[in-house]
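Take a look at the structure below.
The values are calculated or read from the model by the stated rules, or taken from the named source; none is laboratory data. Please read these numbers as outputs of a predicted model, since none were measured by experiment. Cβ placement follows ideal geometry from the backbone for every residue including glycine, while neighbour counts extend to all protein chains displayed.
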Amino acid sequence: MKIAVLGSGNGGCAVAFDWAQLGHDVYMFDFENFPTNIEAISKNNGIHSEGN
């Protein structure tokens with residue numbers, strides 16, 4: 001399933017990660033006024049997590 005997450009704050013990143021872990025195609029959007037999180041995610045090639 002393709003999923004769009006609107007917003008790249010803590011909640012948006014958590015939701016995007018959860019859906020991606022379940023195998024879905026996740027696309028994130030945030031307004032041009034808030035480029036920092038989207039740029040960091042792109043530079044890091046996605047959202048990554050370790051642990052349980």
With respect to V5, is the statement that it is in a strand (DSSP E or B), surrounded by 10 or more Cβ atoms within 10 Å (Cβ to Cβ) and in contact with a strand residue (DSSP E or B) (Cβ under 8 Å, 6 or more places away or on another chain) true? yes
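Please find, within the stretch 24-51, the residue that is farthest from the chain's Cα centre (by Cα) out of those that are of a type in the set (G, A, S) and either surrounded by 16 or more Cβ atoms within 10 Å (Cβ to Cβ) or at pLDDT below 90 (or both). Please lay out each step first, then the result.
Of the stretch 24-51, the ones of a type in the set (G, A, S) are 40, 42, 46, 49, 51.
Filter again for either surrounded by 16 or more Cβ atoms within 10 Å (Cβ to Cβ) or at pLDDT below 90 (or both), leaving 46, 49, 51.
Numbers: G46: 7, S49: 12, G51: 18 Å.
Checked the stretch 24-51; the qualifying residue farthest from the chain's Cα centre (by Cα) is G51.
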For a quick check of your reading of the model, give me the residue pairs whose first member lies in the stretch 26-37 and is free of Cβ contacts under 8 Å to residues at least 40 places away in the same chain, whose second is among the hydrophobic types (A, V, I, L, M, F, W, C) and part of a loop (DSSP other than H, G, I, E, B), with beta-carbon atoms closer than 9 Å and at least 6 apart or on different chains. V26/I47; M28/I47
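Go through the stretch 14-33 residue by residue and tally those that are out of contact with any Ser or Thr (no Cβ under 7 Å at 6 or more places or on another chain) and either aromatic (F, W, Y) or assigned to a helix (DSSP H, G or I) (or both). Reasoning before the result, please.
Taking the stretch 14-33 first, the residues out of contact with any Ser or Thr (no Cβ under 7 Å at 6 or more places or on another chain) are 14-16, 18-27, 29, 31-33.
Now drop any that are not either aromatic (F, W, Y) or assigned to a helix (DSSP H, G or I) (or both), which leaves 14-16, 18-21, 27, 29, 31.
Within the stretch 14-33, residues that are out of contact with any Ser or Thr (no Cβ under 7 Å at 6 or more places or on another chain) and either aromatic (F, W, Y) or assigned to a helix (DSSP H, G or I) (or both) number 10.
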